[in-house]
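First the structure, in the form of structure tokens, and then the observations on it.
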Amino acid sequence: MKLGCHVGMSGKEMMLGSVKDAVAFGANTFMLYTGAPQNTRRKDISELRIQEAHELMAQNGIEEFVVHAPYIINLANTVNPATYEIAVEFLAKEIDRATAMGSQTIVLHPGSHVGEGVDKGIASIVKGLNEVLTADTACHIALETMAGKGSEIGRNFEELARIYDGVSHNDKLRVCFDTCHTSDAGYDIIHDFDGVVEKFDRLIGKDQIAVFHMNDSKNEPGAAKDRHENFGFGKIGFEPLMYIMNHPDFMEVPKILESPYIKDLENSKKSYEPFKREIAMIRNGKFDPKMREKVVEDNR
């Protein structure tokens, strides 16, 4: 099982620090931003300590990792041309950075049409991807399945398939399957994950799933809200998530946790990462209802 989590990348250690965190959490894959997701400020590639990071990855059996594009990239915006142009320009730079760092996959939120409608939004996404993807692009853009909040595009498989159909070099596209998002969008991954995958396979092809975001949800299925919960503690639940974790069709696909930090009820200013405990629980295959309390105890 390729299991990991979202890790930070900052300070002097940069990517080396990311790998150290992943190793400390017991992960054998991980996901990161190449910089703050809210802005375009980025350190030079020469400062990311890439070689040292890969040496530590090799020492710990980590063969691959995933980059997440920043939220500020919105290729679907047809209202503000400057927003679109920034998105295209910055996505091209992120592809260069991810390639230099050694990642084969960049997860991308398809975008929001900001009131102009799905058709215009998809056409704009296709246009933008056609501007940045070439036959020589060295990594894949993995379009994330979305929950359907606001004017998000990607709330159903049909919308993602339309993007595939419009992109010239769609061999450079892949999909990031987010369990919280697909459940919130109304897909019954709790009782019928195989049926959901069958539909996805007909429309896009299940071989196109390059990464899973393994997130539980605070919301009932179909809520279209996108609020993650700790693994097994939400409305999806431990067993349905473990069924996906262990699905034979996707054993080689990286599974990434994006769980919320756990608040310290005795100190409202503190919250703690859950990933070491969550990864151990998943590998053990047994739900621990006291996992969150243990995380808090670990940090006191």
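The values are calculated or read from the model by the stated rules, or taken from the named source; none is laboratory data. It should be emphasised that the depicted structure is a prediction, and the values quoted were computed from it without experimental measurement. Methodologically, a virtual Cβ is constructed for each residue, glycine included, from the backbone with ideal geometry; neighbour enumeration extends over all protein chains shown. The accessibility values were calculated without ligands, DNA or RNA, using every heavy atom of the protein model including side chains. Shrake-Rupley method; radii C 1.70, N 1.55, O 1.52, S 1.80 Å.
Being touching a Gly at 6+ places or on another chain (Cβ under 8 Å) and of a type in the set (S, T, N, Q) is the filter; apply it to segment 118-155 and report the residue that is surrounded by the fewest Cβ atoms within 10 Å (Cβ to Cβ).
Ranking the qualifying residues of segment 118-155, first place goes to Asn130.
Take the conditions buried (at least 16 other Cβ atoms within 10 Å of the Cβ), at pLDDT below 95 and either closer than 19 Å to Ile204 by Cα or among the β-branched types (Val, Ile, Thr) (or both) and apply them to Thr105. Does it pass?
Spelling it out, it is not the case that Thr105 is buried (at least 16 other Cβ atoms within 10 Å of the Cβ), at pLDDT below 95 and either closer than 19 Å to Ile204 by Cα or among the β-branched types (Val, Ile, Thr) (or both).
What number of residues within segment 166-185 satisfy the criterion of being assigned to a loop (DSSP other than H, G, I, E, B) and either β-branched (Val, Ile, Thr) or open to solvent by 50 Å² or more (accessible area, probe 1.4 Å) (or both)?
3
Sort out which residues of segment 197-210 are closer than 25 Å to Phe65 by Cα and loosely packed, with under 14 Cβ neighbours inside 10 Å, and write them in order of number.
Gly205, Asp207
Here is a yes/no grid of residues against (1) open to solvent by 20 Å² or more (accessible area, probe 1.4 Å); (2) touching a His at 6+ places or on another chain (Cβ under 6 Å); (3) outside any loop (DSSP other than H, G, I, E, B):
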site	(1), (2), (3)
Gly195	yes, no, yes
Phe212	no, no, yes
Glu220	yes, no, no
Lys225	yes, no, no
Phe233	yes, no, no
Glu239	yes, no, yes
Ile244	no, no, yes
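Limited to segment 1-19, what total is found for residues that are assigned to a helix (DSSP H, G or I), among the hydrophobic types (A, V, I, L, M, F, W, C) and crowded, with 22+ Cβ neighbours inside 10 Å?
Number of matching residues: 2.
With (1) part of a helix (DSSP H, G or I); (2) of a type outside the set (Ser, Thr, Tyr); (3) touching a strand residue (DSSP E or B) at 6+ places or on another chain (Cβ under 7 Å); (4) open to solvent by 20 Å² or more (accessible area, probe 1.4 Å) as the list, and Ile163 as the residue in question, which single condition is left unmet?
With respect to (1) part of a helix (DSSP H, G or I); (2) of a type outside the set (Ser, Thr, Tyr); (3) touching a strand residue (DSSP E or B) at 6+ places or on another chain (Cβ under 7 Å); (4) open to solvent by 20 Å² or more (accessible area, probe 1.4 Å), Ile163 is out only on (4).
Could you give every pair whose Cβ atoms fall below 8 Å, whose first residue belongs to segment 237-264 and is in contact (Cβ under 8 Å) with a residue 60 or more places away in the chain, and whose second residue is open to solvent by less than 10 Å² (accessible area, probe 1.4 Å) and of a type in the set (Ser, Thr, Tyr), counting only separations of at least 6 or pairs across chains?
Cβ pairs passing all conditions: Leu241/Thr179; Ile244/Thr179; Pro254/Thr29; Lys255/Thr29; Ile256/Thr29.
Can you name the number of the only condition in (1) assigned to a helix (DSSP H, G or I); (2) in contact with a helix residue (DSSP H, G or I) (Cβ under 8 Å, 6 or more places away or on another chain) that Ser259 fails?
(1)
Can you list the helices (runs of 4 or more DSSP H) found entirely within segment 45-152 that contain at least 1 residues being on the phi > 0 side of the Ramachandran plot and of a type in the set (Ser, Thr, Tyr)?
none
So Ile189 fits all but one of (1) part of a helix (DSSP H, G or I); (2) open to solvent by less than 10 Å² (accessible area, probe 1.4 Å); (3) over 29 Å from Asn130 (Cα atoms); what number is the exception?
That leaves (1) as the condition not met.
Being assigned to a loop (DSSP other than H, G, I, E, B), in contact (Cβ under 8 Å) with a residue 60 or more places away in the chain and surrounded by fewer than 24 Cβ atoms within 10 Å (Cβ to Cβ) is the filter here; which residues of segment 20-39 pass it?
Correct list: Phe25, Gly26.
Note down all Cβ pairs under 7 Å where the first residue falls in segment 208-230 and is in contact (Cβ under 8 Å) with a residue 12 or more places away in the chain and on the phi > 0 side of the Ramachandran plot, the second is open to solvent by less than 20 Å² (accessible area, probe 1.4 Å) and assigned to a loop (DSSP other than H, G, I, E, B), and they're at least six residues apart or on different chains.
Short answer, once both residue conditions are applied: Ala224/Ala147; Ala224/Gly148; Asp226/Ala147.
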